[in-house]
Amino acid sequence: MIKENILKIKEYLSNLHIDSQAIVVIAISKNRPIEQIKQAIEAGITDIGENKVQEAVSKYNAMRYALCGKPIRWHMVGHLQANKIKQAVKIFDLIHSVDTLRLAEEINKQAAKINKIQDILIEVNTSGETTKFGFKPEEAIAAVRQIAGLKNVNLKGLMTVAPIVDSPEQARPYFKLLRELREQINTLHITRYTLHILSMGMTDDFAAAIQEGANMLRLGRAIFEA
Ligand SMILES: *Cc1c(COP(=O)(O)O)cnc(C)c1O
């Protein structure tokens, strides 16, 4: 089932009139057993996402030896608590959920201690829902300016979680807002380099996200459920 799901997603992407190679599919494996993650990797998944550091660390350790040398990239997509930053920096290739300046500064500090340049994204609360983490869109540019000055983090782009809606179309405005924000940051040269990544689109809304320029999809149910 997992294999069929992944083939279906790949086929969907390859039928789009865009460079589908440029879109990274992250399998969000929170609450899923290691056996299922292995199946996803066997079917061609190279990127794994988790939303809790503890769970990710135990899976990371358990799987390290089982991957037959396949290079898997680990993504942190959930809210990161202060007391988990040190562990997070040890295992994650990309932290999507940087939602305060303080968090970015602490990641920078912990990364410096282990001589790492930690790739990160800034999470933007594009819907303004109070249940969601992330910078307000109007705060994002100031945050980017400050975070771009930190030596041991490498800001690669933006991430958002759209509200739960009935159709992907209703999620589109939030994706559009994130894309426009990235364009604004790039045109104003807020960073010395161009921000490239737009991490947006989940099982129920990824079609609209792709149309608005997503280049990282975070898919859970679409991969692991029937
Ligand atoms: C769980 C989760 C996903 C995947 O959700 P699905 O709807 O199952 O695709 C994506 N992003 C984040 C931040 C998540 O927590």
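What net charge do the residues around T187 carry, taking every other residue with its C-beta under 13 Å from that of T187, with Lys and Arg at +1 and Asp and Glu at -1? Write down the numbers at each step before the final one.
Numbers: positive: R179, R182; negative: E180, E183.
It works out to a net charge of 0.
What is the order of M1, M159, M202, fewest Cβ neighbours within 10 Å to most? Numbers along the way, then the final one.
On the way: M1 11, M159 27, M202 20.
If I rank by nearby Cβ atoms, fewest first, I get M1, M202, M159.
Cβ crowding within 10 Å, taken as a proxy for footprinting-reagent exposure, orders H17, H189, H196 from fewest neighbours to most as H17, H189, H196.
The residues S199, S167, S127, when put in order of fewest to most other Cβ atoms within 10 Å, stand as S167, S127, S199. Convex hull volume of the C-alpha atoms in the stretch 1-153, normalised per residue: 145 Å³. Look at where the Cα atoms of the stretch 174-208 and of the stretch 34-54 average out, and the two centres are 25 Å apart.
Going by amide H atoms built from the backbone, whose H comes under 5 Å of the H on Q118, apart from near neighbours? Those lying under 5 Å, H to H, from Q118 are V153, N154. Charge dipole (Cα centre; +1 on Lys/Arg Cβ, -1 on Asp/Glu Cβ; no other charges) of the chain amounts to roughly 980 debye.
Write down the Å³ per residue value for the convex hull defined by the alpha carbon atoms of the stretch 138-204.
Working: hull volume 6.0 nm³, N = 67.
Residue-normalised Cα hull volume stands at 89 Å³.
Gain on full extension, evaluated as 0.36 nm per residue between N15 and Q184 minus their Cα-Cα distance, stands at 57.8 nm.
A simple spin-label model places pseudo-atoms 7 Å from Cα toward Cβ; at H196 and A226 they are separated by 4.0 nm.
Around the Cα centre of the stretch 60-126, unit charges on the Cβ atoms of Lys, Arg, Asp and Glu (plus for the first two, minus for the last two) sum to a dipole of about 360 debye. Here the stretch 116-155 is assigned +1 on the Cβ of each Lys and Arg and -1 on the Cβ of each Asp and Glu. Its dipole about the Cα centre then comes out at about 200 debye. Taking each DSSP H run with n ≥ 4 as -39500 (n - 2.57) and averaging over every residue of the chain yields -12500 deg cm²/dmol at 222 nm.
Report the gain in length on full extension from A82 to A112: 0.36 nm times residue separation, minus Cα-Cα distance, nm rounded to one decimal. All intermediate terms of the calculation are to be shown ahead of the outcome.
Numbers: separation 30, 0.36 × 30 = 10.80 nm, distance 1.62 nm.
Extra length from A82 to A112 when fully extended: 9.2 nm.
Each value in this text was obtained by applying a stated rule to the coordinates, not by laboratory testing. Just so you know, these numbers come straight off a predicted model, no measurement behind them. FYI the Cβ positions are ideal-geometry reconstructions off the backbone, even for glycines, and counts take in every protein chain you see.
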